[in-house]
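Everything below concerns the one structure shown next.
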Amino acid sequence: MSVPVFDGHNDVLLRLWQKKSASAVRDFLDGDGIGHIDLPRLKAGGMAGGFFAVFAPDDHIGAPDDSDLNPPLAGSLSRSKAQVSTCGMVELLHDIVRESAGAVSLCTSVADITSAMATGRLAVILHVEGAEAIAGDLDGLQALYDKGLRSLGPVWSRPNVFGHGVPFRFPSPPDTGPGLTEPGKALVAGCNSMGILVDLSHLNEKGFWDAAKISQAPLVATHSNVHAICPSSRNLTDDQLLAIGESGGMVGLNYATGFLRDDGRWTTETSSDVLITHLEHMLRLVGEDGVGLGSDFDGARIPGFIGDSAGVPKLVAAMDKAGFGSGLIEKIAWKNWLRVLQRTWGV
Ligand code: ZN
């Protein structure tokens, strides 16, 4: 079956920004064939859009790999350094939208997304992954909102003024450190009142429960998997999945092999069976309305059978083969994301 796919997480803006090239915008629009995502491959894969992450890198941060399955938590990043890359990637996204001649839409409401999907435009949500560019008194949050920010992860997998991210450890429980700081709690409340989705994917377990206690919105982990299947510290325990379901929230399946496999390895030789197993577990605990996709394209090593964003129909075919049925596949592929965004944004 052919179905549009709305995706919970990708890192293409970081990939493009790191090129430091004047051609980065055209590379996206015309396709550069590098990594997992560009516009032609998104179209080839039937991808209608998704959350485009702005992630402020540190010089030594790379994607996790098999060389160390127990790395320490990454060091913190200064606000000034984070502001440079954050602003750079936000501007890059605005340049892409401007130069796309209507092919790419920056969406700040579900009406924007449905209209983009109806007319074949790529629907992009601006997401910031790790709030280092925002000060502890929330200075900077409004400016990002004005630029189109509608989804925010308080931390990436490192400590900042708002809390402690979870490291990429295997095997390890997600309970790896202290919870949200007072500014972190204020940030969750601030996002609630502004209608910004709070992404819990990189929080450690104490931070997750702190956010769950404060948040008035459905709980969302845009790109995380099932800890009971793959015991990576980045994955969600059954109790966390149940809490997400009870809140009317959502979890997006991450294609990163180290968060999928029961041996925690980063190898492209990973079959569709393991993704289906995660989805089935999520469906049991979170419910049919709370499961979606959160690829982590351009941010992780993904299974070879998907390859890149043009290969997403192969995952849809695997769901079909597993007997999910067209109604459920549509929910997972895009409808659930729109439902949870409607509840979170209110528009
Ligand atoms: Zn991430």
Taking the dipole of region 94-171 about the Cα centre (Lys, Arg +1; Asp, Glu -1; charges at Cβ), the one of PHE168, ALA143, ILE113 that reaches farthest to the positive side is PHE168
Ranking LEU338, LEU219 by Cβ neighbours within 10 Å, fewest first, what do you get? LEU338, LEU219
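Write down the percent of antiparallel bridges among all DSSP beta bridges whose residues are both part of the chain, to the nearest 5. Write down the numbers at each step before the final one.
On the way: 3 of 31 bridges.
Bridges in the chain are about 10 percent antiparallel.
Treat region 192-347 as a sphere of radius equal to its Kirkwood radius over Cα pairs and apply Stokes-Einstein at 20 °C in a medium of 1.002 mPa s; give the translational diffusion coefficient in µm²/s, rounded to a whole number. Each step should come with its number before you reach the end.
On the way: Rh = 15.5 Å.
Answer from the Stokes-Einstein relation: 138 µm²/s.
So what is the orientation-averaged projected area of region 1-82, using the convex hull of its C-alpha atoms, in nm²? Provide the component values of the computation, followed by the final result.
Details: hull surface 30.4 nm².
One quarter of the hull surface, i.e. the mean projection, equals 7.6 nm².
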Work out the length of the dipole vector of the chain about its Cα centre, built from +1 on the beta-carbon of each Lys and Arg and -1 on the beta-carbon of each Asp and Glu, and round it to the nearest 20 debye. 480
Per the helix-only calculation at 222 nm, which mean residue ellipticity applies to the chain, given -39500 (n - 2.57) for every DSSP H run of n ≥ 4 and division by its residues, nearest 500 deg cm²/dmol? -10500 deg cm²/dmol
Can you give the charge dipole size of region 44-172 about its Cα centre, rounded to the nearest 20 debye, using +1 on the beta carbon of Lys and Arg and -1 on the beta carbon of Asp and Glu? 280
At GLU99 and GLU280, where each label point lies 7 Å from the Cα along Cα→Cβ, what is the point-to-point distance in nanometres? 4.6
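Between beta-carbons, use under 9 Å as the cut-off and find the net charge around GLY75, counting Lys and Arg +1, Asp and Glu -1.
Values: positive: ARG158; negative: ASP58.
Taking every Cβ under 9 Å from that of GLY75, the sum is 0.
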If you wrap a convex hull around the alpha carbons of region 102-165, what volume per residue comes out, as a whole number of Å³? 88
Over region 197-261, what lengths in whole Å, largest first, do the semi-axes of the equivalent ellipsoid take, defined as the square roots of 5 times the eigenvalues of the alpha-carbon gyration tensor? 19, 11, 10
I want to check the label-to-label distance for GLU91 and HIS60. Put each point 7 Å from Cα in the C-beta direction and report it in nm to one decimal. 2.9
Between SER115 and SER67, what is 0.36 nm times their sequence separation minus the Cα-Cα distance? Round to one decimal in nm. 12.8 nm
Residues whose built amide H sits under 5 Å from the amide H of MET250, excluding neighbours closer than 5 in sequence, are LEU219, VAL220, ALA221
Could you check which residue among SER85, SER21, SER309 shows the biggest mean-square fluctuation in a GNM of the chain with a 10 Å Cα cutoff? SER21
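Taking the Cβ of each residue in GLU182, GLU132, GLU280 as the centre, tally the other Cβ atoms inside 10 Å and list the residues starting with the fewest.
Numbers: GLU182 10, GLU132 27, GLU280 15.
Ordered from fewest to most neighbouring Cβ atoms within 10 Å, GLU182, GLU132, GLU280 come out as GLU182, GLU280, GLU132.
With the cut-off at 33 Å, report for the chain the share of all Cα pairs above it, as a whole percent. Don't skip to the end; give the middle numbers.
Working: 10399 of 60031 pairs.
I get 17 percent for the Cα pairs in the chain exceeding 33 Å.
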LEU122's amide H: which non-local residues (gap 5+, or another chain) put their own amide H closer than 5 Å, with H modeled 1.01 Å from N in plane and none for Pro or chain starts? VAL104, SER105
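If each residue's Cβ is checked for other Cβ atoms within 10 Å, how do LYS20, LYS213 rank with the fewest at the top? If you can, show how the numbers build up before the last one.
On the way: LYS20 8, LYS213 11.
In order of increasing Cβ crowding within 10 Å: LYS20, LYS213.
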Using a 7 Å offset from the Cα along the Cα-to-Cβ direction at both ASP139 and SER193, what is the distance between the two label points in nm, to one decimal? 1.9
Given PHE305, ALA212, ILE332, which one lies farthest toward the positive end of the charge dipole of the chain, if we put +1 on the Cβ of every Lys and Arg and -1 on the Cβ of every Asp and Glu? ILE332
For region 252-257, Karplus couplings with θ = phi - 60° (6.51, -1.76, 1.60), whole Hz, Gly/Pro x: x, 5, 8, 7, 4, 5
The correct pair for region 43-200, radius of gyration to one decimal and Dmax as a whole number, both in Å and from Cα atoms, is 16.8, 47
Only four residue types carry charge here, +1 at the Cβ of Lys and Arg and -1 at the Cβ of Asp and Glu. Report the dipole size of region 114-159 about the Cα centre in Debye, rounded to the nearest 20. 280
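No lab work stands behind these numbers, since they all come straight from the coordinates. Owing to the predicted nature of the structure, the values given are computational and were not obtained by experimental measurement. Methodologically, a virtual Cβ is constructed for each residue, glycine included, from the backbone with ideal geometry; neighbour enumeration extends over all protein chains shown.
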